[in-house]
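Heads up, the thing below is written out as structure tokens.
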Amino acid sequence: MNNLKTITKYTFKEQLFPFSPKKIISKYPKNYVGRLALFAFSYIFLGLFFFYFAAASATVYINGQNNEVMYFAMFGVILTLLLLTMYIPQMLSSFFNSSEINIMKTWPVGQGELYMGKFFGVVLGNFDFIIFFLVYLILYFVGVGFSASQLVLGIINFFSLLVIPYGIILGLILILLKFTNIGSHKKLIKNIGYILLFIFIGVIYYFSFSSGEDYGANQSEGFGKAVEAIGGISDVFFHAKIFGLAMTGPITQQLTYTLILVAIAALICFILYRLSDKYFYDAVSESGTSTKKRVEKSPNEVDFTKKSQPVAIMKRDMKNLFSI
């Protein structure tokens, strides 16, 4: 347990590194002011997205259908969809970085402890989702009224809600990296994730500007359509429905479904620990190497004509794009 707490604390602090002026983080601007500007833009953009989505959910499910369960269930659905589209590249780089894990192998910890410590640290460090959940909760309290029990249970249920899809996605990635050669195509997986993200956001904003002339009404109506469309597939996300039931109704219902949600999250953590304690190092080492053999061409097989050079450059760029 001490090892697990130490790694969790270290990983949690890692989530704060980009906000520190003394740290230089890869894939972020080296200039600290530029880094803060990037964070501000990202949080404002995603914050507005969540605000409009929460407002549309309140309009559809609280004011329109008097269905508070679906209001909170929609938060669970949109959180899971964002994890599937936006956070898979981050998961791959955070959990399956072979060079980083090779250093951590020297630590006196088991691979299951290392994996779960990183898992809990990353989950606790999701500040953006915490902010968005508070926005969702505040809009609910404004429309329905404040409840201390919902606030306390909401914080407990929020982390259980985040653990369940995170654990399922990471467990599937771990199994795929161990038993398939999908690790040789990590860049392809990241690109597919970005494409799905752009499609997802594009669909939302298509609805927002698809009808009417009034920008505000148009945006509200568009997000309402998006909420109803996503609500049609909400039955697939069982944890989101349980989260909605744990956040509404009498206190006995809230406590019952809170215990169910916590139990599911604990079961997923246990399964993830057992899988990682057996396969984590193997999955990382296999994801960091390609199973393809390099075929070397002799100089007399290479065509150096002018016509072939643009084609060769294009093939090389496409290969680099979808390689590791």
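The values are calculated or read from the model by the stated rules, or taken from the named source; none is laboratory data. This is a predicted model, so every value here is computed, not measured. Methodologically, a virtual Cβ is constructed for each residue, glycine included, from the backbone with ideal geometry; neighbour enumeration extends over all protein chains shown. Side chains are part of the model used for accessible areas, which takes the heavy atoms of the whole protein and leaves out ligands, DNA and RNA. Shrake-Rupley method; radii C 1.70, N 1.55, O 1.52, S 1.80 Å.
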Every residue from the range 127-150 that is open to solvent by 50 Å² or more (accessible area, probe 1.4 Å), more than 19 Å from Q15 (Cβ to Cβ) and not in a loop (DSSP other than H, G, I, E, B): I138, V142, G143, V144, A148
Members of the range 87-108 found to be surrounded by 17 or more Cβ atoms within 10 Å (Cβ to Cβ) and more than 17 Å from the chain's Cα centre (by Cα), listed by number: I101, M104
Identity of the residue in the range 42-56, touching a residue at least 12 places away in the same chain (Cβ under 8 Å) and open to solvent by 50 Å² or more (accessible area, probe 1.4 Å), that ends up farthest from V163 (Cα to Cα): Y52
Residue among L84, L114, L124, L79 that alone is open to solvent by 10 Å² or more (accessible area, probe 1.4 Å), of a type in the set (A, V, I, L, M, F, W, C) and either at pLDDT 85 or above or within 20 Å of L245 (Cβ to Cβ) (or both): L124
Lone unmet requirement of (1) farther than 18 Å from P165 by Cβ; (2) of a type in the set (A, V, I, L, M, F, W, C); (3) in contact with a Leu (Cβ under 9 Å, 6 or more places away or on another chain) for M91: (1)
Qualifying residues in the range 13-26 (those that are open to solvent by 70 Å² or more (accessible area, probe 1.4 Å) and in a helix (DSSP H, G or I)) - the one modelled with the highest pLDDT: K13
Where F39 falls short, out of the listed (1) open to solvent by less than 30 Å² (accessible area, probe 1.4 Å); (2) in contact (Cβ under 8 Å) with a residue 40 or more places away in the chain: (2)
Residues of the range 244-272 that turn out to be surrounded by fewer than 19 Cβ atoms within 10 Å (Cβ to Cβ) and aromatic (F, W, Y), as a count: 1
Pairs where the first residue, in the range 243-257, is under 18 Å from N66 (Cα atoms) and the second is assigned to a loop (DSSP other than H, G, I, E, B) and open to solvent by less than 70 Å² (accessible area, probe 1.4 Å), C-beta under 7 Å, 6+ apart: Q254/M247
Number of the condition not met by Y71 [criteria: (1) closer than 17 Å to V142 by Cα; (2) open to solvent by 10 Å² or more (accessible area, probe 1.4 Å); (3) modelled with pLDDT of 85 or more]: (2)
Given (1) among the β-branched types (V, I, T); (2) open to solvent by 70 Å² or more (accessible area, probe 1.4 Å); (3) in a loop (DSSP other than H, G, I, E, B), index of the condition T59 fails: (3)
Qualifying residue in the range 148-160 (condition: in contact with a Phe, Trp or Tyr (Cβ under 7 Å, 6 or more places away or on another chain) and either at pLDDT 60 or above or within 20 Å of S57 (Cβ to Cβ) (or both)): yes
